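> One structure is given below, represented as structure tokens, and several questions about it will come after.
Where a number appears in this text, it was derived from the coordinates with a stated rule and is not lab data. Please read these numbers as outputs of a predicted model, since none were measured by experiment. We place every Cβ from the backbone using ideal geometry, glycine too, and count neighbours over all the protein chains shown.
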Amino acid sequence: MNKPAVPAAPSPLPTISPVYGPTHLSPADAVRAPVKYYAAIIGLDPTKEQEYRELHANTWPDVLVAINRANIRNFNIFVTEIEGRRYLFSHFEYTGTDPEADFASIARDPTTRDRWWPLTDACQIRLPGTPAGAQWRPMEQVAHLP
């Protein structure tokens, strides 16, 4: 379920290049890592926050199975407020070898796709810069300290 993104900010930030080192693997090194880390952010509709919290306090078993089958573990969602707006931040570990196929398997799960996402997506506000077809805006990993 796609929602229109919020209009872009008037003055974009300058482009910053990635810097790689022992605590921030290059893309080539990250591919070989046994665990990959993903994070994303999205707005939270304050009028739907209670509903969102209630849904996630008792995530449906079929949704949990789909996530587990996709080689995702240690999935976390955090909420915060910045300048009067509510945001959700997600983070998880991926242990598979084909993230595109594994993540697509979640989208093919009928319970997740047809029942869970319509409820949760209605609580969320897509952010500027969110890729077409995505709900959450991905975040770049800058450091990992094991």
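> With the condition kept exactly as written, say whether any residue in the stretch 42-53 is among the hydroxyl-bearing types (S, T, Y) and in a helix (DSSP H, G or I). Before the answer, list the steps.
In the first step, residues of the stretch 42-53 are kept if they are among the hydroxyl-bearing types (S, T, Y); the result is 47, 52.
Those still in the list that are in a helix (DSSP H, G or I) too: 47, 52.
Yes, the stretch 42-53 has at least one match.
> When the stretch 94-146 is examined, which residues are found to be within 21 Å of V31 (Cα to Cα), acidic (D, E) and touching a residue at least 24 places away in the same chain (Cβ under 8 Å)?
D102, E140
> Can you report the number of residues in the stretch 54-67 which are in a loop (DSSP other than H, G, I, E, B) and either surrounded by 14 or more Cβ atoms within 10 Å (Cβ to Cβ) or under 17 Å from the mean Cα position of the chain (by Cα) (or both)?
2
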